[in-house]
Amino acid sequence: MNVYEAVTSRRAVRGFTDRPVPRDVLERVLSSAAWTPSGSNLQPWHTYVLTGGPLAELKKRAGERLAVGDPWDEPEYEQYPPALKSPYRERRSAFGEQRYGALGITREDMEARQRAASANWDCFGAPAALFCYIDRDLGPAQWSDVGMYLQTVMLLLRAEGLHSCAQMAWAKYRKTVAEVLSPPDELILFCGMSIGFEDVTVGYTRTGRAPLDETVTFVGDC
């Protein structure tokens, strides 16, 4: 698989088989992802990988919180601006319509939407999960570096025949994640990532992308 194929075949998979992900594959992916560029080579990512019993324990604890309607943890960073302007507002709305429309869930059926969203905290059935933290003293440039690192991880997973789903949703259960991982206090959980082999029996609708002229401006004679 070449780089173009990895980029275009990568998507947020929300249905995995229970086929284990080999440890050596995860080590190979993360060893290569360490070469992700970062400003002044700070390498600001702190990564935890969960499989087996520890991941099962995290899913159990998250499921127990869901079952009793425990409220989300207070946010440590803002996932979206409170007043999302155009065109981002429309793109986010279109994503929601496509995502839940593929499941036969209407905009008005908030209960069904919540049930669908709850699959996040089971990692969509994935047998492996990654949790990425960043030092709370670092700034926007270092958060950007972490984003590049996560993208590199996801592309390398595709090269290995694996799929993934990056999930900021786990930040809403950050205290539960911390109970299992015991990260240092100076770290903020940015996101989780479900990793595994796709369950091809789970249907999906792939979200589109904006036309090139909406996001790219060419200047010059190239």
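The values are calculated or read from the model by the stated rules, or taken from the named source; none is laboratory data. For clarity, every value in this text was computed on a predicted model and none was experimentally measured. Cβ sites come from the backbone with ideal geometry, for glycine too, and all protein chains shown count toward neighbours. Calculation scope for accessible area: heavy atoms of the full protein, side chains included, ligands and nucleic acids excluded. Shrake-Rupley method; radii C 1.70, N 1.55, O 1.52, S 1.80 Å.
A simple rule links phi to the HN-Hα coupling: the Karplus curve 6.51 cos²θ - 1.76 cosθ + 1.60 with θ = phi - 60°, which for the range 32-39 gives 6, 5, 4, 7, 4, x, 8, x Hz, with x for Gly and Pro. Heavy atoms of the protein chains alone define the surface here; on that basis the chain has 59 Å² accessible area per residue at 1.4 Å probe size. When the solvent-accessible area of the chain is split by element, carbon and sulfur atoms take up 54 percent of it, the probe being 1.4 Å.
Relative to the Cα centre, what is the charge dipole magnitude of the chain, using +1 at the beta carbon of each Lys and Arg, -1 at the beta carbon of each Asp and Glu, and rounding to the nearest 20 debye?
Values: 25 positive and 29 negative charges, 105 e Å.
I would put it at about 500 debye.
Less than 5 angstrom separates the built amide H of D199 from those of G15, F16, T17, all sequence-distant by 5 or more or on a different chain.
The overall shape of the range 108-222 is oblate: from the C-alpha gyration tensor, with semi-axes ordered a ≥ b ≥ c, the ratio a/c is 1.5 or greater and a/b is no larger than b/c.
Compute the length gained on full extension between V202 and V68: take 0.36 nm times their separation in residues and subtract their Cα-Cα distance, giving the result in nm to one decimal. Provide the component values of the computation, followed by the final result.
On the way: separation 134, 0.36 × 134 = 48.24 nm, distance 2.76 nm.
Using 0.36 nm per residue and subtracting the Cα-Cα distance, I get 45.5 nm.
Structural descriptor for the chain: relative contact order 40 percent, calculated from alpha carbon pairs under 8 angstrom and at least 6 residues apart.
Rounded to the nearest whole Hz, the Karplus-based 3J(HN,Hα) values (6.51 cos²θ - 1.76 cosθ + 1.60, θ = phi - 60°) of the range 152-163 follow the sequence 4, 4, 5, 5, 5, 4, 4, 4, 8, x, 9, 10, with x at glycine and proline. Looking at the chain, the DSSP beta bridges with both ends there are about 95 percent antiparallel.
The residue list T201, A33, A129 was ranked by how far each Cα lies along the charge dipole of the chain toward its positive end, using unit charges on Cβ atoms, and T201 comes out on top. Here K60 is the anchor, and the lysines within straight C-alpha reach of less than 22 Å, apart from those fewer than 8 places off in the same chain, are K172, K175. Entry note, the chain: the mean residue ellipticity at 222 nm calculated from DSSP H runs of n ≥ 4, each adding -39500 (n - 2.57), is -12000 deg cm²/dmol after division by the residues and rounding to the nearest 500.
Electrostatic tally near S32: other residues with Cβ closer than 14 Å to its Cβ, Lys and Arg +1, Asp and Glu -1, net -1. Remark: the range 9-20, residue by residue, has Karplus-estimated 3J(HN,Hα) of 8, 6, 7, 7, 7, 10, x, 10, 7, 8, 4, x Hz, where x stands for each Gly or Pro and the curve is 6.51 cos²θ - 1.76 cosθ + 1.60 at θ = phi - 60°.
Rounded to the nearest 20 debye, what is the charge dipole size of the range 1-61 about its Cα centre when +1 sits on each Lys and Arg Cβ and -1 on each Asp and Glu Cβ?
Numbers: 9 positive and 5 negative charges, 62 e Å.
Result for the range 1-61 is approximately 300 debye, rounded to the nearest 20.
Which of the three applies to the range 169-208, rounded, prolate or oblate, going by the alpha-carbon gyration tensor with a ≥ b ≥ c and a/c under 1.5 meaning rounded? Kindly include the intermediate steps, with their values, before the conclusion.
On the way: a/c = 3.50, a/b = 2.40, b/c = 1.46.
It comes out prolate by the Cα gyration axes.
Rounded, prolate or oblate: pick one for the chain, where a ≥ b ≥ c are the square roots of the eigenvalues of its C-alpha gyration tensor, a/c under 1.5 means rounded, and failing that, prolate if a/b is larger than b/c, else oblate. Rounded is the answer for the chain, as its axis ratio a/c remains below 1.5. Within the chain, which is the longest segment containing none of the trypsin sites (Lys or Arg not before Pro) that sit in a DSSP loop and have at most 13 other Cβ atoms within 10 Å? Looking at the chain, 1-84 is the longest stretch - no exposed trypsin sites (Lys or Arg not before Pro) with at most 13 other Cβ atoms within 10 Å. Comparing Cα centroids, the range 18-56 and the range 130-185 end up 9 angstrom apart. Here r is the Cβ-Cβ distance between A159 and S93 and R0 is 45 Å; the resulting FRET efficiency, rounded to 0.05, is 0.85.
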